[in-house]
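Enquirer: The following block contains the structure, expressed as structure tokens.
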Amino acid sequence: MIATPLIARQERFAVVASTNDVVRAWLDEGAPEVCLAVADEQSAGRGREGRRWMAPAGRALLLSLGFRPTWLEPDRAWRLAAVVSLAMAGAAEEVAGLPSGTIRLKWPNDLVVERDGTARKVAGVLGETVGLGTADPRVVVGIGVNVDWPAAEFPEGLADAMTSLREAAGETPIDRERVLTAFVARLERGIESLRTGSFDAAAWQARQLTNGRRVRLVGHDESTEIVRAIGIDPSSGALIVAGDDGSATERRVLTGEILHLRLDEEV
Ligand code: BTN
């Protein structure tokens, strides 16, 4: 258990279907923010776009946080996931002994480590909302981090696109509890700031993998478009892009508009 005034309710589980569902149920029952559910294993972990999220028992940090952000404009709710991502990136680097900035944010919601020109996913974030814009908004932010997962045990077919803190640290065992403790300490500062209207847009921007790079946007209809990513809009959380020739006008792409994004070099 983590002793911090930030967390109003917390529980650890050996196995649950999905920590996002646990926290969502707590919020539905009236639990105050911030709630935290942590599991060693999930039997029905899920990612964006209905994808499965799998990790062997005890190898990943699987957690969800529940918020009642009556104090946040609905169109700023994305900042909760951003604060969680930033807190985890910093905590993971600290515990794994990685240089600051090793873990990048790949818009919209991945944490990656780049190696040999390939962005390897080390964590994914799933934000789910109910009642945004009403008097009873509820937001669940789940994050799954590949912490102590040896590269030799990565699933076939995913091994080239994923990594773990253990692998990034040179196959050094990494303690999930230390990552959790460091994460909660950073989260506390980030959420306190957010509650007073302050968001570290510079840190959010600086960690983005895609700044200035050619990216391929894949739409829900599988259509693709190559653009140049300029940065992130700190108001909407949208990706700011321009035409690949650099001449076209900038425009903003919202998370819900695309299925996924790839660095063009990866394609
Ligand atoms: C993604 O990359 O698509 C997001 C993955 C989010 C996975 C985490 S693990 C903890 C929480 N519970 C879930 O079922 N999903 C999130």
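Read the figures in this text as sums done on the coordinates, not as results from a lab. On a predicted model such as this, the values are computed, not experimentally measured, just so you know. Glycine gets a Cβ as well: all are built from the backbone with ideal geometry, and neighbour counts include every protein chain shown.
Enquirer: Using only the Cα atoms of the stretch 9-206, each taken as one equal point scatterer with no solvent, compute I(q) by the Debye sum, divide by I(0), and report log10 of the ratio at q = 0.15 Å⁻¹.
Expert: -0.88
Enquirer: While we're here: Work out the length of the dipole vector of the stretch 1-150 about its Cα centre, built from +1 on the beta-carbon of each Lys and Arg and -1 on the beta-carbon of each Asp and Glu, and round it to the nearest 20 debye.
Expert: Computed charge dipole of the stretch 1-150: roughly 300 debye.
Enquirer: Once you've got the GNM for the chain with C-alpha springs shorter than 10 Å, pick whichever of GLY117, GLY47, GLY101 has the biggest mean-square fluctuation.
Expert: GLY117
Enquirer: Right, next: Please find, in a Gaussian network model of the chain (springs between Cα atoms separated by less than 10 Å), the residue of THR255, THR19, THR163 whose mean-square fluctuation is greatest.
Expert: THR255
Enquirer: Given a Förster distance of 41 angstrom, what is the FRET efficiency for GLU250 paired with ALA57, based on the Cβ-Cβ distance and rounded to 0.05?
Expert: 0.35
Enquirer: Springs between alpha-carbon atoms under 10 Å, Gaussian network over the chain: tell me which of ASP148, ASP21, ASP160 tops the mean-square fluctuations.
Expert: Looking only at ASP148, ASP21, ASP160, the biggest GNM fluctuation is shown by ASP160.
Enquirer: Need one number: convex hull volume per residue for the stretch 214-266, Cα atoms only, in Å³.
Expert: Each residue corresponds to 73 Å³ of Cα convex hull volume.
Enquirer: Starting with the fewest neighbours, write out ARG189, ARG115 ranked by other beta-carbon atoms found within 10 Å of each beta-carbon.
Expert: Ascending number of Cβ neighbours within 10 Å: ARG115, ARG189.
Enquirer: Give the relative contact order (percent, whole number) for the chain; include only Cα pairs under 8 Å separated by 6+ residues.
Expert: It rounds to 16 percent for the chain.
Enquirer: Also, quick follow-up: Would you mind calculating the gained length between THR181 and ALA31 on full extension (0.36 nm times residue separation, minus the Cα-Cα distance), in nm to one decimal?
Expert: Gain on extension, THR181 to ALA31, equals 51.8 nm.
Enquirer: Hey, another quick one. Simple spin-label model, 7 Å along Cα-to-Cβ: VAL218 to SER235 in nm?
Expert: Going by the 7 Å Cα→Cβ label model, 3.2 nm.
Enquirer: Now for a different question. Can you give the local net charge around VAL16? Use residues other than it whose beta-carbon is closer than 11 angstrom to its beta-carbon, Lys and Arg +1, Asp and Glu -1.
Expert: Net of charged neighbours comes to -3.
Enquirer: Determine Rg/Rh for the stretch 134-267; Rg is computed over alpha-carbon atoms and Rh is the Kirkwood hydrodynamic estimate from the same atoms.
Expert: So for the stretch 134-267, dividing Rg by the Kirkwood Rh gives 1.02.
Enquirer: Gain in length, GLU257 to ALA206, computed as 0.36 nm per residue apart minus the alpha-carbon separation, to one decimal in nm?
Expert: Length difference between fully extended and current span is 16.0 nm.
Enquirer: For the stretch 93-124 and the stretch 4-68, what is the centre-to-centre distance using only Cα atoms, to the nearest Å?
Expert: Taking the Cα centre of the stretch 4-68 as reference, the centre of the stretch 93-124 is 22 Å away.
Enquirer: Give me the distance in nm between label points sitting 7 Å out from Cα along the Cα-to-Cβ direction at GLU225 and GLU265, one decimal.
Expert: Calculated label separation equals 2.4 nm.
Enquirer: Oh, and also: Indicate the helices, whole DSSP H runs only, in the chain that combine a mean Kyte-Doolittle hydropathy of 1.0 or more with a Cα extent along their long axis of 18 angstrom or more.
Expert: Span-like helices, by this rule, are 78-96.
Enquirer: Sticking with this structure for a sec: Using a 7 Å offset from the Cα along the Cα-to-Cβ direction at both LEU158 and GLU94, what is the distance between the two label points in nm, to one decimal?
Expert: My value for the distance between the label points is 2.8 nm.
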